[in-house]
Amino acid sequence: MNLFEVYPKFDISLQKAKGVYVYDENETPYLDLYGGHGVISIGHSQPYYVNALQRQLEKIAFYSNSVQMPLQEELAQKLGELSGYTDYNLFLCNSGAEANENALKLASFHTQKRRVIAFKNSFHGRTAAALCVTDNCKIHSPLQYDNFPVVFLDLNDEKQFQNAFETYDDICAVIVEGVQGVGGLDYPSDDFLELLQTYCKKYNALLILDEIQSGFGRTGNFFAHQSNPNIRPDIITTAKGMGNGFPVAGVIIAPHIEAKHGMLGTTFGGNHLASVASLSVLEVLEKDNLMINAKEISDFLREELKSIPAIQKIKGKGLMLGVELEFPIKEIRKQLLEEFHIMTGSSANPNLLRILPPLSINKQEIKPFVEALQKILL
């Protein structure tokens, strides 16, 4: 059997990883400033995390949600404590797309409506409902056509948003990313988020904050939307950095949304290993002050990159950054990988280099990236 080839890949095979570095079959180290789409939050092969998973694997790795799992309760308590959402409820699943799928379903269950407002350049996943609210027709199949009505608006356009609610009376949800990842590192302003929240309450719709990539400390706050303390979404979705490489995701649900047996479900979600992985991430985030570190390294990197005139703008928050140039970054990204052994990411914006390093990275470790860009661009 052969692989179904859907991924464009660099010609590199990784054999091991440690901290902010990954290594190929020749033991060549690469500085990982991408973390496999922002998944690596506390660092590759982080010792506390690895030991916790090893210990759990020797006890029990998996059982379904048909039995009591105190580890899930422990995870929910710790997640509530660190995120500030102690009164919310947690549904555990496996991926960001699945989290958004369930969030949209919950919104429709709760409001008994079916239209959704989403935003241009959004990416919410590749499953049925999540793909319908993703602004990329190239990855839509005929299955997505006329699935349910979606209105795509310009991000931060208050007039468009107000007009949508005045035009349609069947809006069940507004879904927005804390920071757009694939779309190019734009994010809703604090004032715009307040407007979304106000209109959702007024018109009986649910506000869904997609923090799949921007959550778990990535931006320096636990969630990106928490730059505005007045925002309390009805639903928050999270994944990627939640497991530091182990597949785990969550739907964080406001207390006014009622749970009923059978309304959501998953076989693997929140299993013993997944719960331990995520709990370990939270404990390391707290113990090592990684959210503070994310802000400090972000400030340092922004300051260092000011020396390069070709950089037009640095977008994003914390360690979810986009370095925007005057020209496409495709060849620069290749050069960074092949000559300087630095891994970076791309986005829908062809001129934007995406930076998503482990939150544990320090100034000395990130400095070679600045020096490489100086050599290439100056």
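Every read-out reported here was derived from the displayed coordinates using simple, explicitly stated rules and does not represent laboratory data. Keep in mind that what you see is a predicted model, and the values were worked out from it rather than measured. In this analysis, Cβ positions are derived from the backbone assuming ideal geometry, glycine residues included, and neighbour counts consider all displayed protein chains.
Miscellaneous remarks
- For 132, 137, order by how many other beta-carbon atoms lie within 10 Å, fewest first: 137, 132
- Residue-wise HN-Hα coupling along segment 232-239, computed from phi with Karplus coefficients 6.51, -1.76, 1.60 (Hz; x: Gly, Pro): 10, x, 6, 9, 10, 10, 8, 6
- Entry note, the chain: relative contact order of 24 percent, from Cα contacts under 8 Å with a spacing of 6+ residues.
- Only Lys, Arg (+1) and Asp, Glu (-1) charged, at Cβ; the chain dipole about Cα centre in debye: 200 debye
- Listed by Cβ neighbour count within 10 Å, with the fewest neighbours leading, 143, 14 appear as 143, 14.
- Of all the options 46, 162, 226, the one that moves most in a Gaussian network model of the chain with Cα springs shorter than 10 angstrom is 162.
- Charged neighbours of residue 93, selected by a Cβ distance under 15 Å, balance to -1 (K, R count +1; D, E count -1).
- Matching label, Cα extents along the principal axes in Å computed from the structure shown, candidates [x] 128, 54, 37; [y] 56, 53, 48; [z] 106, 42, 25: [y]
- DSSP beta bridges in the chain [antiparallel fraction, %, rounded to 5]: 60 percent
- Scoring 61-69, 277-285 by mean Cβ neighbours within 10 Å over their residues and listing the highest first yields 277-285, 61-69.
- Within the straight-line cut-off of under 21 Å between alpha carbons, the lysines reachable from residue 317 are 120, 240, 295, 306, 363, 367, sequence neighbours fewer than 8 places apart in one chain being disregarded.
- For segment 152-169, Karplus couplings with θ = phi - 60° (6.51, -1.76, 1.60), whole Hz, Gly/Pro x: 9, 10, 6, 4, 6, 8, 5, 5, 4, 5, 4, 5, 4, 5, 7, 8, 10, 10
- Look at where the Cα atoms of segment 54-89 and of segment 214-260 average out, and the two centres are 15 Å apart.
- Relative packing of peptides 208-221, 296-309, 29-42 - highest average C-beta neighbours within 10 Å first: 208-221, 29-42, 296-309
- Residue-wise HN-Hα couplings along segment 10-18, as the Karplus relation 6.51 cos²θ - 1.76 cosθ + 1.60 with θ = phi - 60° gives them from phi, are 6, 7, 8, 10, 8, 10, 7, 8, 7 Hz; Gly and Pro carry x.
- Relative contact order (percent, whole number), segment 156-241, Cα cutoff 8 Å, 6+ residue spacing: 30 percent
- Among 353-362, 101-110, 258-267, the order from most to least packed when residues are scored by Cβ within 10 Å on average: 353-362, 101-110, 258-267
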